[in-house]
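The values are calculated or read from the model by the stated rules, or taken from the named source; none is laboratory data. Quantities reported herein were computed from a predicted structural model and do not represent experimental measurements. Cβ sites come from the backbone with ideal geometry, for glycine too, and all protein chains shown count toward neighbours.
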Amino acid sequence: MQQEVIIEKDLFSLGSDRVADYVAHIFCEGGGCEFVFNEKRFALRSGDCAIITITKLVFDVEPTDDFEVTVIYVHNTFLVQSSPESNYGTKGIMALYNNPVMWLDEKHQEVCRSDFKMVEYRFNDTGHHFYKEALSSALRSLFLDYFDFHIRIDGGETTFSDTQSAMIRGFMSLLESGAYKEHRDLNHYANLLCVTAKHLSSICKKVSGFPANYWINRFTIIDIQRRLKDPTVTLAQIAEEFNFSSQAFFSRYVFNLLGKYPSEFREK
């Protein structure tokens, strides 16, 4: 049975299949760590917090010897159940694909530390008669404070309608589920969401700064790069896995987005 919450004191699970269906909430309590997420390198320092929405996009985790961290992994299903009713979550989550790390001042470090301790307490209090509800409540407080941290850093909240937020959440959920392996045509997603492709792309750009096709290609190419790192999988197998009509088309797709052919990633 899948655990709804996992709490760890290191980052070793990031990028592994074990936490592929979880969102990682991280608070650095000492030392530092560098890692690659979404093809970019980030530094996590004492007092920083971070949210990794897609853990399989994390590579090359390099902690310092004195690194101290708490990671709360929340399964996607339980995360939805515990999330507060705030449309800011849509904008915040999309922004976190570009930069998952948030710097906190001393006051908000203490707020974050308190939230993490409460979640840990509720997580360990398995004898509570309303265990799941109490744990969900503690997580909801953590999520609201994360929203607050992000608004302070991001420069203010942007308001979106319930319809717009639901549309973007649905679009990103489809991509997170791996739909891009079979479908990279924007019309496919627009039809599923009962909107026009133009409208979906326009709202995506309004919320994240990027049109919908950017996100489709982004999810696809990141996953392809991950597969290219596995020498036991042939290029033909990857092309088939991602539903390309031919290996030549697959090669052109990778070259157009990365400026290199797939075979070049395999060259030593």
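Among the residues of segment 49-67, what is the count of those that are surrounded by fewer than 16 Cβ atoms within 10 Å (Cβ to Cβ) and over 18 Å from SER16 (Cα atoms)? Number satisfying all stated conditions: 3.
Across segment 116-152, the qualifying residues are those that are under 21 Å from the mean Cα position of the chain (by Cα) and among the aromatic types (Phe, Trp, Tyr), and the one among them that is surrounded by the fewest Cβ atoms within 10 Å (Cβ to Cβ) is PHE147. Answer yes or no as to whether VAL195 is in contact with a Phe, Trp or Tyr (Cβ under 7 Å, 6 or more places away or on another chain) and either among the basic types (Lys, Arg) or not assigned by TED's automatic domain parsing to the domain that holds ASP21 (or both). The answer is no for VAL195. For segment 73-85, which positions are farther than 17 Å from PHE35 by Cβ and either outside the structural domain of GLU34 (by TED's automatic domain parsing) or part of a strand (DSSP E or B) (or both)? Correct list: VAL74, HIS75. The condition of being part of a helix (DSSP H, G or I) and within 27 Å of GLY15 (Cβ to Cβ) holds for VAL254. Evaluation of GLY155 against the conditions (1) under 21 Å from ILE54 (Cα atoms); (2) modelled with pLDDT under 90; (3) not aliphatic (A, V, I, L, M) shows that the sole unmet condition is (1). Tell me, which residue of segment 98-115 that is not in a helix (DSSP H, G or I) and not polar (S, T, N, Q) is surrounded by the most Cβ atoms within 10 Å (Cβ to Cβ)? Per the stated criteria, the residue is PRO100.
The one condition from (1) touching a residue at least 12 places away in the same chain (Cβ under 8 Å); (2) over 13 Å from LYS181 (Cα atoms) that GLY259 does not meet is (1).
Of everything in segment 28-53 that is of a type in the set (Asp, Glu) and in a loop (DSSP other than H, G, I, E, B), the residue that is nearest to SER177 (Cα to Cα) is GLU39. Screening ALA248, ALA190, ALA212, ALA239 for residues that are at pLDDT 90 or above, closer than 22 Å to ASN98 by Cα and among the hydrophobic types (A, V, I, L, M, F, W, C) leaves exactly one candidate, ALA212. When LEU192, LEU228 are checked against the criterion of being among the aliphatic types (A, V, I, L, M) and over 23 Å from THR77 (Cα atoms), LEU228 stands alone in meeting it. Among the residues of segment 30-43, those that are over 13 Å from the mean Cα position of the chain (by Cα), under 26 Å from LEU258 (Cβ atoms) and buried (at least 16 other Cβ atoms within 10 Å of the Cβ) comprise PHE35, PHE42. Residue under question is ILE7, and the condition is that it be among the β-branched types (Val, Ile, Thr), touching a helix residue (DSSP H, G or I) at 6+ places or on another chain (Cβ under 8 Å) and part of a strand (DSSP E or B); does it hold? Against the criterion (among the β-branched types (Val, Ile, Thr), touching a helix residue (DSSP H, G or I) at 6+ places or on another chain (Cβ under 8 Å) and part of a strand (DSSP E or B)), ILE7 qualifies. SER263 meets all of the listed conditions (1) over 17 Å from the mean Cα position of the chain (by Cα); (2) buried (at least 19 other Cβ atoms within 10 Å of the Cβ); (3) part of a helix (DSSP H, G or I) but one, namely (2). Only a single criterion out of (1) outside any loop (DSSP other than H, G, I, E, B); (2) exposed (fewer than 15 other Cβ atoms within 10 Å of the Cβ) is not satisfied by HIS25, namely (2).
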